[in-house]
Amino acid sequence: MTAETTAPLAGSGAGFLALNAGSSSLKFALFPAEGDVALATGQVDRIGPDGAMKIKDAAGEPIAPAEGGFTDHAAALATVIATVKRAFPALNFAAIGHRVVHGGIFYSAPVVVDEAVLETLATLSPFAPLHQPHNIAGIRAATEAFPGVPQVACFDTAFHRGQPFVNDTFALPHRYYEIGVRRYGFHGLSYDYVTGELGRIAPHLMSGRVVVAHLGNGASMCAIHRGRSVASSMGYSALDGLPMGTRCGQLNPGVMLYMLDQEGLNTAQIRQILYNESGLLGLSNGLSNDMRTLEAADNAEAHRAIDYFVFRVQRELGAMAAVMGGIDALVFCGGIGENSRVVRRRVCERLGWMGIEIDHGRNAESATVISSEFSRTTVMIVPTREDLVIARAARAAAGLSETAAT
Ligand code: AMP
């Protein structure tokens, strides 16, 4: 089957596209007017000459053949949009939602984008140079492809906007705070979703003190008190806090001075090390950035990486419990949090003092509640859905439901 022969699929009425334009990838999900099940999901990986697009329907069956070789994000997005339109010809695209990494101090909720919003978002590019320009390009390309259709920006920073000053600032000269060098926190769409789910399935916990550990290729943790973010491990950039697949996590700034002064590295070289060569990959001496591979490897390099990852999660958990004066629930999400029984077990080991005791059977099954009946603190797994948060905001912008997009 070629792109031209993509079979039209069922699906009519209003459709909502959730787009996530990253530094080298483009993820998308197409939702109907109601419900949590996407009509189609897909992604373009490695945007560039080797880039490849995959798209599948709700049953996981490929809708169109994998296409490849995209010169840039705009070309990738154009192919995605053309494929989706061809596959769902009866669908009326009512709003497009976009994941945008940075809303700065300006946005604490999704916003319908106009030229003034785009200009504001562009001023935030220096704070997220690897992501924000691609997010903005995605919005511009979608605006061109769907003239007159509301474009809704959904921010990774928004969920954290109300954090207290002490978690929002660095101890730098105050002018840095004034110009926006702050601890914004990210993964907000994930925390938003998990908070909503907790409110639905365990409202008594949501009114208490919760730590959510979003452990994936990107990883962070958030302390949530009565539904509001009060602390997050990711600060100014997506480099802070926990070690990630290839990102370093918390780092003493003196290390960067060493790289600059003693090794004579330039900023591009340092950026490459901190973003692409560190984290699990660096710790395992280049073995892998992937937790599954490390768990299977079972050698000294892999153990070193997993040990450090677990240690930093435990450390952050202790700090967050201290910030909130205790903890009522610990929630795991993200690819590692949802799937790695080893990491969950090891994180929860020796946390009896915090009222945490997991049930090994439930943990092995990846049940929703994995704490034992004797555990004072509830430990849960809530699979996260950032795409759904974006789709809901797009629906709201089209006047259909749930959250407000202003
Ligand atoms: P994400 O970025 O949320 O998609 O998460 C990706 C991470 O989840 C990678 O490190 C994967 O190795 C990890 N992961 C996914 N499935 C498993 C699994 N069954 N066991 C351990 N790690 C997993």
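Overview of values
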quantity: Test: Asp36 is within 23 Å of Asn135 (Cα to Cα) and surrounded by fewer than 13 Cβ atoms within 10 Å (Cβ to Cβ); calculated: no
quantity: The one condition in (1) surrounded by fewer than 20 Cβ atoms within 10 Å (Cβ to Cβ); (2) in contact with a strand residue (DSSP E or B) (Cβ under 8 Å, 6 or more places away or on another chain) that Ser229 fails to fulfil; calculated: (1)
quantity: Search result, residues across the range 337-366 that are within 15 Å of the ligand (Cβ to nearest atom) and either among the polar types (S, T, N, Q) or open to solvent by 20 Å² or more (accessible area, probe 1.4 Å) (or both); calculated: Glu338, Asn339, Ser340, Arg341, Val342, Arg345, Arg346, Asn363, Ala364, Glu365, Ser366
quantity: Hits in the range 199-220 - residues which are within 14 Å of the ligand (Cβ to nearest atom), more than 17 Å from Ala158 (Cβ to Cβ) and surrounded by 24 or more Cβ atoms within 10 Å (Cβ to Cβ); calculated: Ala213, Leu215, Ala219
quantity: Complete set of residues in the range 71-106 that are open to solvent by 10 Å² or more (accessible area, probe 1.4 Å), closer than 24 Å to Pro129 by Cα and either in contact (Cβ under 8 Å) with a residue 24 or more places away in the chain or more than 21 Å from the chain's Cα centre (by Cα) (or both); calculated: Thr71, Asp72, His73, Ala74, Ala75, Ala78, Arg99, Val101, Ile105
quantity: Which listed residue, of Ala300, Ala321, is hydrophobic (A, V, I, L, M, F, W, C) and touching a strand residue (DSSP E or B) at 6+ places or on another chain (Cβ under 8 Å); calculated: Ala321
quantity: Looking only at the range 256-310, and only at residues there that are surrounded by 14 or more Cβ atoms within 10 Å (Cβ to Cβ) and aromatic (Phe, Trp, Tyr), the one that is nearest to the ligand (Cβ to nearest atom); calculated: Phe309
quantity: Of residues in the range 372-384 being within 21 Å of Gly325 (Cβ to Cβ) and free of Cβ contacts under 8 Å to residues at least 24 places away in the same chain, the one least open to solvent (accessible area, probe 1.4 Å); calculated: Ser375
quantity: Qualifying residue in the range 186-193 (condition: within 29 Å of Ser371 (Cα to Cα), among the acidic types (Asp, Glu) and open to solvent by 40 Å² or more (accessible area, probe 1.4 Å)); calculated: yes
quantity: Conditions (1) surrounded by fewer than 19 Cβ atoms within 10 Å (Cβ to Cβ); (2) at pLDDT 95 or above; number of the one not met by Ser401; calculated: (2)
quantity: Residues that are closer than 23 Å to Val100 by Cβ and touching a residue at least 60 places away in the same chain (Cβ under 8 Å), drawn from the range 31-55; calculated: Phe31, Asp36, Ala38, Thr41
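The values are calculated or read from the model by the stated rules, or taken from the named source; none is laboratory data. Predicted model, so just to flag it, every value in this text is computed and none were measured. Here the Cβ is made from the backbone with ideal geometry for all residues, glycine too, and neighbour counts use every protein chain on show. Heads up: the accessible areas ignore ligands, DNA and RNA and are worked out on the full protein's heavy atoms, side chains in. Shrake-Rupley method; radii C 1.70, N 1.55, O 1.52, S 1.80 Å.
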